[in-house]
Amino acid sequence: MTFDDTPLRAAEPAPARRSLLRAAVTGAAVTGTGLALAVSPAAAAPPPRPRPTTAPEALRELAAGNRRWHTFRERHPDETPAVRQALTSGQHPFALVLGCVDSRVPPELVFDQGLGDLLTVRSAGEVLDEAVLGSIAYGVLELAIPLVVVLGHQSCGAVRAAVEADGSGGRLPAHIQYLADQIAPAIDRSAQGDARVDATIDANVRLVRSRLAAEPDLAERVADGRLAIVGARYELTSQLVHRVA
């Protein structure tokens, strides 16, 4: 996974006070009746590993994790009893990945990350709507995540459907047409057939990335170095992620 190492200022510390939304999402320890699971004392297990706090650090961690995935040397980190216990009081993910719903591209696996490491938002073709935008804003503004990765992938079915519907003039079933309409501006008409689909996958990543970068709250953080938004693509054939410039 190749990313540039342009220096970026460290992300700001998380605010001392969090909104009710954050409290609801992160959860809090509660008491009551229910199924009790035996857990080893946190002190008996290794402490949680330090997480990246800047975009360059986060990019390097994702690249290293993807290399492990590619070479079948996954570590499945941050799944220990100590980590699980620590996460009951809050979360501090170091990157947000906006990816496709495709079952072959789960971000935690292709980047070999564990519990609490990534905030993942998934929609077919990485399509943006208010729920997706709100989820991304939550990660950046409330959790101070310094890196957003828009992750497309080889053989994206949503992109293919959009390209084929555009070519035939036909309508897709129900809400699938909404997805096609959102992807349509990215269709690369300079290519034909499978090449058009493949080129549109990259173009769609660029389009989604540019739309996120234009969001005022995100743009402000990009401008002052607290946030980086990058485009990337996962290849099913090689299991490698590479940058989409």
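Data table
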| quantity | calculated |
| --- | --- |
| Fraction of accessible area attributable to carbon and sulfur, the stretch 76-217 (%, probe 1.4 Å) | 53 |
| Restricting the stretch 150-239 to trypsin sites (Lys or Arg not before Pro) in coil, as DSSP defines it, with at most 13 other Cβ within 10 Å | Arg171, Arg189 |
| Computed label-point distance, nm, for sites Thr237 and Glu142 using a 7 Å Cα→Cβ extension | 4.1 |
| Whether the stretch 129-185 is rounded, prolate or oblate, judged on the alpha carbon gyration tensor where a/c under 1.5 counts as rounded | prolate |
| Taking N as its residue count, the alpha carbon Rg of the stretch 87-176 over 2.2 N^0.38 Å | 1.25 |
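The values are calculated or read from the model by the stated rules, or taken from the named source; none is laboratory data. These numbers were taken from a predicted model, which means no experiment stands behind them. Note: ideal-geometry Cβ built from the backbone for every residue, glycine included; neighbour counts use all protein chains shown. Keep in mind that these areas ignore ligands, DNA and RNA; they rest on the heavy atoms of the full protein, side chains included. Shrake-Rupley method; radii C 1.70, N 1.55, O 1.52, S 1.80 Å.
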